[in-house]
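For reference, the structure is listed below as structure tokens.
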Amino acid sequence: DILRDWSSDVCSSDLKKQAMSLAVTAALLGGAVSATGQSMYINEGGLGEVLIYPFYSAANGNDTYVHVVNTTDVTKAVKVRIVEGRDSQEVLDFNLYLSPRDEWAATITASNELGGTALIRTVDNSCTVPELGVQQGGTNFIRLDGKIVRDQPFFTTLFAAEMPNATAAAARTTEGYIELIEMGQLDPTIGFGADAVHDAAGVPADCAALVAAWGVLPAPGGDWTSTSGQAELLTWQGGGLYGYGVLINVAEGTAVGVDATAVDSFADTQLPPALHTEPGSQAPSLESGTVFSSLFIEGVQTDLESANGLDAFSSLFMTDGLVNDYVIDPTIAALTDWIVTFPTKKDYNGDQPFTAAWDPSTLTACETVEVPLWDREEAFEAPAQEGPVFSPAPPGVTPDTFALCTEVNVITFGDGSAVEASEFIRYGLPDVEYTEGWAALDLTKTGSSQLVVDELSPTAGTRTLTGLPALGFAVFEYTNNTLDGGTVQANYEAAIVHKSIEIDTP
């Protein structure tokens, strides 16, 4: 179950078997139950208990608009965790309380007043703990339309010591990804659940009561810090959250949106209210879910039991390779970036399925990959061997290897970046032979990239999942210089989610 030798001749029967596809992982599951309990799965309907937004950027003129919607009739407690892209260190973490049918929206942008540090800006009234914009360096101001604008800066606390100066630390906050984890549900008609419900003017009943329920942070002492205080949480009724992000660059006139990947049945329903934790805590995390997972392997629904929640979550995203299109046609000034995110890489820190631990001296943890390409008429180009475009190259990355060395990775085809990625997470393929076609990212090149789990059904035994846990999407940008007789320029962008596939060669 590993990718065959990419460099061998490729025949027309290349695409034979789908293995652990992100596109079909749970298309038919709809709430799968393993032989021993509830199993987490990727919900292709887009609704879930955990949402992963693969990329945000406030670098080089970008802003990222973030949305999450509660489609249910109960109040939801949700952990919002924003992590930077190099080693997935938290830059901001808070609790969000969504009343029934509520939508929360915010923008991630960079602040010149804060030395380039990114911040989250919102005019949304939904309750957060702590309240955004008034604590730890945040600010509030009133817009002309009377809405309160809340600016909450990101923090460099967890990685500032690794950086050469404050400016470099600030820049590190401007790119990364986002995790949302459902922590519990509340009755919207009484108590804390009712405090989050909006009135006719769109204002929650009592956000201050939700803040007080956690006491005075960071030394909590309110009602929710005791077992009795958590009693307001309902018997687990998780799921029904969806989200998406929009990357906008005003100067370029571009915008591109992508859905958050939804994982449903994440929680171990025997444990709540263990997931409902205080702000300032790094719990819950992607390690906090059930040990059971369900996915499709070669078209067969397969129920797995892992050693821990982290392995179970990673199993959903394990893949030998990602495939997608690229376009770099100079006649339309086309640009292509692939965003590839490893959402659990930090937690393994070099243990399988990953092979490289984080090195704070080089700010890297490199995994060797290969990128073979085809044009639209099936002509094959051997795997790229250039390595990272930008110098200095990470240790161990020689001119004849290609490696991804961060948690969020932007692979640029050709010379320019469609998403204006910074050099810190950008990896280049400058010498692509064809101007358009498709490519594959081989994630099995280290040889030991695998995850061993127990298979519960359809057969009992041990299952070895190969590759790495990864997700992401491609961004294509095109320029039209012919509008109004050539006097007006227009830019267009599109986002296409990666496919996960095993490719056979004869």
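Numbers at a glance
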| item | result |
| --- | --- |
| Ranked packing of 51-59, 133-141, 256-264, most packed first, by mean Cβ within 10 Å | 51-59, 256-264, 133-141 |
| Along principal axes, Cα extents of the stretch 143-215, largest first, whole Å | 51, 36, 24 |
| Percentage relative contact order, the stretch 59-159, counting C-alpha pairs under 8 Å, at least six apart | 25 |
| Rounded to whole Å, sorted largest first: equivalent-ellipsoid semi-axes of the stretch 46-176, Cα gyration tensor | 25, 18, 13 |
| Distance from the stretch 91-119 to the stretch 278-351 (C-alpha centre basis), Å | 24 |
| Members of Lys346/Lys445; Lys76/Lys499; Lys445/Lys499; Lys79/Lys147; Lys79/Lys346 lying beyond 22 Å, as alpha-carbon distances in this model show | Lys76/Lys499; Lys79/Lys147 |
| Å³ per residue enclosed by the Cα convex hull of the stretch 294-363 | 137 |
| Exposure ranking of Tyr242, Tyr326 by accessible area [1.4 Å probe, largest first] | Tyr242, Tyr326 |
| Charge context of Ala208, other residues only, Cβ under 9 angstrom, K/R +1, D/E -1 | -3 |
| Under the Debye formula (equal points on every Cα, no solvent term), log10 I(q)/I(0) of the stretch 118-239 at q = 0.19, 0.22 Å⁻¹ | -1.20, -1.33 |
| Protection proxy ranking, peptides 300-308, 414-422, 169-177, average beta carbon neighbours within 10 Å, highest first | 169-177, 414-422, 300-308 |
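The values are calculated or read from the model by the stated rules, or taken from the named source; none is laboratory data. Model, not experiment: these values are computed from the prediction. A quick note on method: Cβ atoms are made from the backbone with ideal geometry, for glycine too, and the neighbour counts reach across all protein chains shown. With ligands, DNA and RNA removed, areas are computed over all heavy atoms of the protein, side chains included. Shrake-Rupley method; radii C 1.70, N 1.55, O 1.52, S 1.80 Å.
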